[in-house]
Amino acid sequence: MSDTPIKPRPRVGLFATCVMNAFRPSIGFASAKLLEDAGCHVSVPAAQTCCGQPGLNSGDEDSARALAKQVIEAFEEFDYVVGPSGSCMATIRHDYPNLFADMADWRKRAEALAAKSYELLSFLTDVMGVTEVDAEYKGTITYHDSCSGLRSMGVKGQPRQLLGSVKGLTIKEMEDTDVCCGFGGTFCVKYPEISEKMADDKLANAAATGADTLLGGDLGCLLHLAGRLRRKGSPVKVYHTAEVLAGLADGPSLGEENR
């Protein structure tokens, strides 16, 4: 019998964002599956709520701070906090400590949470050492690098590495894959004409690859692009990358649920 101690499974709190819960529960199921397959013990705290980013971006720091406190309390007990959203996790990791700059106790708690918070795909590869998945997807995909995931969380090669292990899948990179799609949270509401033009430019680059599927890691971007595709009558499917990696992309894609 080996004397090597058994390494405990990391306790991971899954940050299932409010947008994901409302519009695409399958992303949460896919995230949980990928984390469990990687050897994690996954929990989804019922007390969690929006990360507070909409209020923070609009200058309402009081509302953002109240939501941040609830998130901090909900996830303090876990070894890691992981979410399938670069923008939400960037808010927790980079903005929470600054929200409590003048509140020493809360700042300490915010910094502790920030230090153990990760975007899903970077956590799987960079922390858990996952290099491949057991999944199949018959199609050609192109990948959109969301601004927050790329610039704030360093998500670039990780999704491509994991997608490269999916049986039957072909990756074709689009031009300007790291250029904003035009969503930008409230930006698309304040400047709809500019947002629409940016989305059309992104989708034109995606179409030029001949891909039948568009993937990404931020649901806000994907909802924005899927909505534009549906308005144009395009057959291109849109999924969160986690859905493909978990083998859960066999149902309707984003924007197709009610068709």
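For segment 163-185, list residues with backbone N below 15 Å from a point placed 7 Å from the Cα of Arg151 toward its Cβ?
Of the residues in segment 163-185, 177-185 have backbone N under 15 Å from the label point off Arg151.
So between Thr49 and Asp250, what do we pick up on full extension, going 0.36 nm a residue minus the alpha carbon distance?
Residue separation times 0.36 nm, minus the Cα-Cα distance, leaves 69.5 nm.
Would you please give the FRET efficiency between Lys167 and Ala207, computed as 1/(1 + (r/R0)^6) with r the Cβ-Cβ distance and R0 = 25 Å, to the nearest 0.05?
The calculated FRET efficiency here is 0.50.
State the label only: which of (i) 29, 25, 15; (ii) 28, 22, 18; (iii) 43, 23, 17 corresponds to semi-axes √(5λ) of the Cα gyration tensor in Å computed from the shown model?
It is the value labelled (i).
Using a cut-off of 13 Å between alpha-carbon atoms, which aspartates and glutamates can reach Lys33, once sequence neighbours fewer than 8 places away in the same chain are excluded?
Asp134, Glu243
With the chain treated as a Gaussian network of Cα nodes joined by springs under 10 Å, which of Arg109, Arg231, Arg11 yields the largest mean-square fluctuation?
Result: Arg231 has the largest fluctuation of those listed.
Quick one: net charge of Leu162's neighbours, Cβ under 14 Å, K/R +1, D/E -1?
-3
Give me the net charge for the shell around Ala115: Cβ to Cβ below 13 angstrom, other residues only, Lys and Arg +1, Asp and Glu -1.
+2
At a Förster radius of 35 Å, what calculated FRET efficiency corresponds to the Cβ-Cβ distance of Thr140 and Thr186, to the nearest 0.05?
The calculated FRET efficiency here is 0.55.
R0 = 22 Å: FRET efficiency of Asp79 with Asp102, Cβ-based, nearest 0.05?
With a Förster radius of 22 Å, E is 0.15.
Taking only Cα atoms and a 10 Å spring cutoff, compute GNM fluctuations for the chain and point out the largest among Val179, Val238, Val127.
Val127
So between Arg160 and Asp62, what do we pick up on full extension, going 0.36 nm a residue minus the alpha carbon distance?
So the chain would gain 31.5 nm between Arg160 and Asp62.
Assuming a ≥ b ≥ c are the square roots of the Cα gyration tensor eigenvalues, decide whether segment 142-251 counts as rounded (a/c under 1.5), prolate (otherwise, with a/b larger than b/c) or oblate.
Judged from the Cα gyration tensor, segment 142-251 comes out prolate (a/c at least 1.5, a/b above b/c).
Carbon and sulfur: what percent of the chain's accessible surface (1.4 Å probe)?
Of the solvent-accessible surface of the chain, carbon and sulfur hold 52 percent.
With 20 Å as the limit, write out which pairs from Lys138/Lys197; Lys190/Lys232; Lys197/Lys232 have Cα-Cα distances beyond it, or answer none.
Check vs 20 Å cut-off fails for Lys138/Lys197; Lys190/Lys232.
So, taking all protein chains as they sit and a 1.4 Å probe, how much accessible area belongs to Glu132, in Å² rounded to tens?
Surface accessible to solvent at Glu132 totals approximately 130 Å².
With charges only on Cβ, +1 for K and R and -1 for D and E, what is the dipole size of the chain about its Cα centre, in debye, rounded to 20?
Once rounded to the nearest 20, the dipole reads 300 debye.
Among Phe23, Phe15, Phe183, which one moves the most in a GNM of the chain with springs linking Cα atoms closer than 10 Å?
Sorting by GNM fluctuation, first place goes to Phe23.
With all protein chains present and a 1.4 Å probe, how do Arg228, Arg151, Arg93 order by accessible area, largest first?
Arg151, Arg93, Arg228
As a check on your grasp of the helix formula, calculate [θ] at 222 nm for the chain: sum -39500 (n - 2.57) over DSSP H runs of n ≥ 4, divide by the residue count, round to the nearest 500.
Result for the chain: -11500 deg cm²/dmol, rounded to the nearest 500.
Around Gln53, with a cut-off of 13 angstrom between Cβ atoms, what is the net charge of the other residues, counting Lys and Arg +1 and Asp and Glu -1?
Net charge in that neighbourhood comes out at -2.
The values are calculated or read from the model by the stated rules, or taken from the named source; none is laboratory data. This is a predicted model, so every value here is computed, not measured. Cβ: placed from backbone, ideal geometry, glycine included. Neighbour counts: every protein chain shown. The area values use the complete protein model at the heavy-atom level, side chains included, leaving out ligands, DNA and RNA. Shrake-Rupley method; radii C 1.70, N 1.55, O 1.52, S 1.80 Å.
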